[in-house]
1. What order do you get for THR22, THR171 when you list them from fewest to most C-beta neighbours inside 10 Å?
2. Can you list the GluC sites (Glu not before Pro) in region 6-62 that are in a DSSP coil and have 14 or fewer other beta carbons within 10 angstrom?
3. Dipole magnitude of the chain about its Cα centre, charges +1 at Lys/Arg Cβ and -1 at Asp/Glu Cβ only, in debye to the nearest 20?
4. Each residue of region 140-151 in order: what ³J(HN,Hα) in whole Hz does its phi give by Karplus 6.51 cos²θ - 1.76 cosθ + 1.60, θ = phi - 60°, with x for Gly and Pro?
5. Most exposed first by the Cβ proxy, i.e. fewest other Cβ within 10 Å, how do THR181, THR39 rank?
6. Aspartates and glutamates within cross-link reach of LYS63: Cα-Cα under 13 Å, excluding same-chain residues under 8 positions apart?
7. Roughly how many nanometres apart are two label points built 7 Å out from the Cα toward the Cβ at MET126 and HIS108?
8. Which of HIS138, HIS31, HIS166 comes first, and how do the rest follow, when ranked by fewest Cβ neighbours within 10 Å?
Amino acid sequence: MSIYMIPCPIVEEHIDTIPESTLKALHALNHFIVERAKTARRFIKRSDHPTPLQEIDIFELNKHDPWEGLNEYLSKNARIQDIGVISEAGCPGIADPGSRVVSWAQEHNVPVIPLVGPSSILLALMGSGFNGQQFTFHGYLPHDKGKLVKKLRWIELDVQKNGSTHIFIETPYRNKSLLTTTCSCLRPGTLLSISIDLTGTDQEVKTLPIKQWIKKDAAFLHKRPAVFCIGR
């Protein structure tokens, strides 16, 4: 048994962003652990998987408790089947409950095979112009405004002192609020990079100082997948 970490498109219909080598590995598998079954089935179907979809075994991780049923499923298949892990978008195991599967595999001495594919986090860093030698991905920042402001100011100070890049994300419908708060509490010269709809036909990557972001209408971010970077 081996665990294959299979990236899927960030923009669902752009199957062309997945390398042929990754699709070949996907097509050799019939058992999958996924973040969201509906999305995974569409990806598998778009990839022209040789096995009929109704014959493919898909185990959906519980978003509230990713361990629920997972040990039992993995133990049942440990001696007979290779298993693929698929995120809802991008690379599994990164800001994704698929990391639980890898944790189990490492504990049980099961080979883990990460495959090549798009990562919005790395693509945003690549397009930012910021330090790619030293960076931190925070995932979601606090929703409480006081805690959020405190965290953003700490990030700004670390950028100034150490030159690190800090990367974070937000639920698309909260992007506008996050940008407004960020612009209100950081210094005018602090650089902020925002990457929107990465790998999509309308993708945008912009790095500007806060004093220029303040002049923009934050509505352009509303309900669009985005990655934020603060750096220098």
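1. THR171, THR22
2. Hits after loop and neighbour filter: GLU12, GLU13.
3. It works out to roughly 1180 debye.
4. 3J(HN,Hα) across region 140-151, in whole Hz: 8, 7, x, 7, 4, 4, x, 5, 5, 4, 4, 5.
5. Neighbour counts put them in this order, fewest first: THR181, THR39.
6. Cα-Cα hits under 13 Å: GLU35, GLU88, ASP96.
7. 3.4
8. HIS138, HIS31, HIS166
FYI, it's all coordinate maths here, none of it is from the lab. Because the structure is predicted, anything quoted here is derived from the model rather than measured. When we count neighbours, we look across all protein chains shown, and the Cβ atoms used for this are built from the backbone with ideal geometry, even at glycine.
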